[in-house]
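What follows is a single structure, written as structure tokens, with notes after it.
The values are calculated or read from the model by the stated rules, or taken from the named source; none is laboratory data. Just so you know, these numbers come straight off a predicted model, no measurement behind them. Glycine gets a Cβ as well: all are built from the backbone with ideal geometry, and neighbour counts include every protein chain shown.
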Amino acid sequence: MIKKLIIVLMVLMALGVTGCDGSPDSKIVWEKDGAEMARIPELFIPAKFKKERVYDRIGNPVTKSVKVSEPVKIDAFYIDCTEVTVGQFKKFLRATAHRYNTGYWEQIYRYSPTDEHPMIYVSWHDAVSYCNWAGKRLPTEVEWDRAARGGLVDKEYPWGDDVKMSRDYANYDGTGNKDRWDDQTAPVGRFVPNGYGLYDMTGNVWEWCADSYDDDQDNRVLRGGSWDNLSFGLRITDRSFHLPNDADNYFGFRCVAELSKF
């Protein structure tokens, strides 16, 4: 499973622009939580083959094509343009009986002081509960990777390969004179978006994904880096993991919605 995921993510780097045009209804507003969402076009990754030298029944060398990965189709989907905010999460808590650890609020306001900042101190279970209430779900890791690239091909960051541009695109540890939010999150949507109109796909907060980190552990995947990372932690390919009950001041999330919902 992990080998297949790695192959898919590597091919996404190479084939990131082969998806269909996503212009119709490219932006919507999700009624339940008021989130603006962007449409990410579908992507088809063909099967991958390699040439191998083998021998026939009588020992003659022959060359044949061997399949090393299956074809993968990533359906089009909508994803939140920003991370879920403190204000949106409070709306969810008011509307449901979800049991949230209220002892976190003092620290939440230390690092995300207004309703426009990303919600932090959310466990994977908290994020799933919010998504269920909103009628959405967490992105798979492949969907997150697809969205983060913004249509670019084989690039280190959502904006390209130049790490010096990171100060315009991400809130992280080391943004210099661009860092108006020293040692905390930034309000969502304050930096330049990627090619799909998505903000803070790297930096600000690590974002929970639906997937387990591997087949043998209970850990869940986090992607994107945070306000507490240096610039090398903003690379699209960087991955992290935590147990689904863990929560911290740099964990957040955003939601996706399948086109079948429309």
The range 147-167, subset closer than 28 Å to residue 121 by Cβ and at pLDDT below 95, residue surrounded by the most Cβ atoms within 10 Å (Cβ to Cβ): 166
Among 188, 205, 221, which is at pLDDT 95 or above, buried (at least 19 other Cβ atoms within 10 Å of the Cβ), under 23 Å from residue 125 (Cβ atoms) and in contact with a His (Cβ under 8 Å, 6 or more places away or on another chain)? 188
Those residues of the range 112-129 which are surrounded by fewer than 24 Cβ atoms within 10 Å (Cβ to Cβ) and under 15 Å from residue 80 (Cβ atoms) amount to 116, 128
Of all residues in the range 13-43, count the ones that are modelled with pLDDT of 60 or more and either of a type outside the set (Phe, Trp, Tyr) or in contact with a Ser or Thr (Cβ under 7 Å, 6 or more places away or on another chain) (or both). 18
Could you give every pair whose Cβ atoms fall below 8 Å, whose first residue belongs to the range 28-47 and is of a type in the set (Val, Ile, Thr) and surrounded by fewer than 17 Cβ atoms within 10 Å (Cβ to Cβ), and whose second residue is assigned to a strand (DSSP E or B) and modelled with pLDDT of 95 or more, counting only separations of at least 6 or pairs across chains? 28/36; 28/37; 28/39; 28/78; 29/36; 29/37
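Rundown of residues vs (1) modelled with pLDDT of 95 or more; (2) closer than 24 Å to residue 171 by Cβ; (3) more than 24 Å from the chain's Cα centre (by Cα), yes/no style:
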position: 49; (1), (2), (3): no, no, yes
position: 55; (1), (2), (3): no, no, yes
position: 64; (1), (2), (3): no, no, yes
position: 74; (1), (2), (3): no, no, no
position: 82; (1), (2), (3): yes, yes, no
position: 96; (1), (2), (3): yes, no, yes
position: 101; (1), (2), (3): yes, no, yes
position: 106; (1), (2), (3): yes, yes, yes
